[in-house]
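Values in this text are rule-based calculations from the coordinates and carry no lab data. Source: prediction; values computed, not measured. With ideal geometry, Cβ positions are generated from the backbone for all residues, glycine too; neighbour counts draw on all protein chains shown.
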Amino acid sequence: MSAGGPLRLTLVSHARTAAVRAARFGVDDDTIDDAEARRAAAVATSHMTHTSGTSRTPSGRALRGGRAWCDRSLRTRQTAQALGLSATPDPALRDLDVGAWAGRSLDEISPADLRLWTEDPVAAPHGGESVVDLLDRVAAWLAARATDPENVIAVTHPAVVRAVLVTALRSPPEVFWRVDVPPLSATLLHGRLPATPTPPGHAGGKAGTGSMLWTLRHACLPL
């Protein structure tokens, strides 16, 4: 990261899919709605009219320069493309692994299992990742951002956005389910390297956030 200023990290939640509309757990080949693709393209077109970089809109801040990342799921790649971003796949940005629940609706899941999953951050009744597992994965990804240039854009999943906020703000894992992340919304954080390095494991969870200190500028604003 350049010493000239903070790292700007913009998280863009992928566009709405049929699975989102049906309250169903997603799978990697879910596609975004045509209407959502057009909305994302309109955001990109609007951004292109602010080439001076003076836009104060969330979309302008989200798409102004920097290196773009996504994961390998079709819905994030399609969203990045519709937004006019050339995003590099990074498996660390993949959605929360819900194991045997992938592709299933909430009505098909035992209420007891759903309650356990949402109340206990270390529980994984679906056989995939627990919330704590996701937080550890995202914490490692955040720590690696210390070597990035000044602007980073990540087109990712609502669960990953939640995990970034919980980890960067050093909140308890129970906060995870209290963050609402709409489709095609932008979250902006600034990260700095402190004058005194953070001791390993200090106040940042099992994996920590490395030596980066994060400030939330805005959360989950529609593009």
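Of the trypsin sites (Lys or Arg not before Pro) found in the range 83-192, those in coil by DSSP whose Cβ has at most 16 other Cβ atoms within 10 Å are Arg104, Arg170.
For Trp69, nonlocal amide neighbours, meaning residues 5 or more places apart or on other chains whose placed amide H falls under 5 Å from its own, are Thr88, Ile153, Ala154, Val155. Kindly state, to the nearest 0.05, the FRET efficiency for Ala123 paired with Glu150, given R0 = 30 Å and r defined as their beta-carbon distance. Here the calculated transfer efficiency is 0.20. Taken about its Cα centre, the range 71-110 carries a charge dipole of roughly 180 debye when the Cβ of each Lys and Arg holds +1 and the Cβ of each Asp and Glu holds -1. Here, the range 69-152 yields an orientationally averaged convex hull projection of 6.7 nm² when only Cα atoms define the hull.
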